[in-house]
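Scroll down for the structure; my scribbles are underneath it.
The values are calculated or read from the model by the stated rules, or taken from the named source; none is laboratory data. All figures in this text were calculated on a predicted structure; none of them were measured in a lab. Glycine gets a Cβ as well: all are built from the backbone with ideal geometry, and neighbour counts include every protein chain shown. Accessible surface is based on the protein model in full, side chains and every heavy atom, while ligands, DNA and RNA are left aside. Shrake-Rupley method; radii C 1.70, N 1.55, O 1.52, S 1.80 Å.
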Amino acid sequence: MKILNDFLREYVTPVMSAAGFKEKGAEYRFGNESGDSVFLTFSTTRTDPEACVFFATCSFVPEPYWAWLNRQHVEARLPPADSSGALAAYSVLPPDSCAHALTAPGLARARWAFGDRDRPVVGAGLAGQLEAEELPRIGRLLERPGLLAEITSTRSPSVRRWGAVQSELVLMVDDYTVQQKEVLLAVPELDDTFRRAYREWAGRRAASGG
């Protein structure tokens, strides 16, 4: 992990720090004024003894979803959000020049890799992609309407980590009217347990002012 951390400090930290992200190990976090958080997390995988192979994952933890997950602590302060509470997430895909396995299927295509010789090339490629592509995308998805559009999109692979209707109800709990919520709660795919829990939680949240 030290090899990756040294790499990140050299190539990733300057870009992410300039955008307001806080670094902790191999993870970068940013929170907006609405209390929504995004995490850019790097993790290694031991698949190649000749290279440092890693994934880069972007995870979104909106404040309403974090509050929903921790609703049993309603009388206490919520714990700090972390990437385990992601409502949506996606893998940052490497360009061909930085990919470990160009033709690999599925998740393996998301693996980045560098060795001693191509370290500067991969570092510059990652930094450039973060600045030109990922940070603008992160900015769009940190706005709840933008995240909702991505969650409800039919695009594949989906960024959502939960059902589309449940995600919409929780994400937009402070923005939708009671009538809008009831229309969504009426869809057949939801069960009564979720409906009861959601109505109770949404009611408490409205009474407390969010």
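Which condition number in (1) of a type in the set (A, V, I, L, M); (2) without any contact (Cβ under 8 Å) to a residue 12 or more places away in the chain; (3) within 30 Å of D175 (Cβ to Cβ) is the one that A132 fails?
(3)
Of these, F42, F54, which one is closer than 23 Å to R140 by Cα, modelled with pLDDT of 95 or more and part of a strand (DSSP E or B)? Spell out the reasoning first.
Working: F54 fails: closer than 23 Å to R140 by Cα.
That would be F42, the only listed residue that is closer than 23 Å to R140 by Cα, modelled with pLDDT of 95 or more and part of a strand (DSSP E or B).
Only one of T47, T57 is touching a residue at least 12 places away in the same chain (Cβ under 8 Å), of a type in the set (S, T, N, Q) and in contact with a His (Cβ under 9 Å, 6 or more places away or on another chain); which? First the steps, then the outcome.
Working: T57 fails: in contact with a His (Cβ under 9 Å, 6 or more places away or on another chain).
It is T47.
If you check A51, A81, A89, which single one turns out to be surrounded by 12 or more Cβ atoms within 10 Å (Cβ to Cβ) and farther than 23 Å from G20 by Cα?
Going through A51, A81, A89 in turn, just one is surrounded by 12 or more Cβ atoms within 10 Å (Cβ to Cβ) and farther than 23 Å from G20 by Cα: A51.
When you go through Q179, Q166 one by one, which is the residue that is farther than 24 Å from E33 by Cα and at pLDDT 95 or above?
Selected residue: Q179, the only one of Q179, Q166 that is farther than 24 Å from E33 by Cα and at pLDDT 95 or above.
In the range 22-39, how many are closer than 25 Å to D174 by Cβ and either hydroxyl-bearing (S, T, Y) or part of a loop (DSSP other than H, G, I, E, B) (or both)? Working first, answer last.
Our first condition is that a residue be closer than 25 Å to D174 by Cβ; within the range 22-39, this holds for 29-39.
Still in the running and either hydroxyl-bearing (S, T, Y) or part of a loop (DSSP other than H, G, I, E, B) (or both): 32-37.
So the answer is 6.
Looking only at residues in the range 60-78 that are open to solvent by 10 Å² or more (accessible area, probe 1.4 Å) and either hydroxyl-bearing (S, T, Y) or in contact with a Gly (Cβ under 7 Å, 6 or more places away or on another chain) (or both), which one is farthest from Y28 (Cα to Cα)?
L69
Could you count how many residues in the range 132-159 are modelled with pLDDT of 95 or more, more than 23 Å from A206 (Cα to Cα) and among the basic types (K, R)?
Here the count works out to 2.
Looking only at the range 108-126, filter to residues that are open to solvent by 20 Å² or more (accessible area, probe 1.4 Å) and in contact (Cβ under 8 Å) with a residue 24 or more places away in the chain; which one of those is nearest to S158 (Cα to Cα)? Even if it seems obvious, please write down each step before you answer.
Here is the first cut: in the range 108-126, the ones open to solvent by 20 Å² or more (accessible area, probe 1.4 Å) are 108-109, 111, 116-121, 124-125.
Keeping just the survivors that are in contact (Cβ under 8 Å) with a residue 24 or more places away in the chain gives 111, 119, 121, 124-125.
On the way: R111: 18, R119: 31, V121: 30, A124: 28, G125: 25 Å.
Across the range 108-126, the extreme among qualifying residues is R111.
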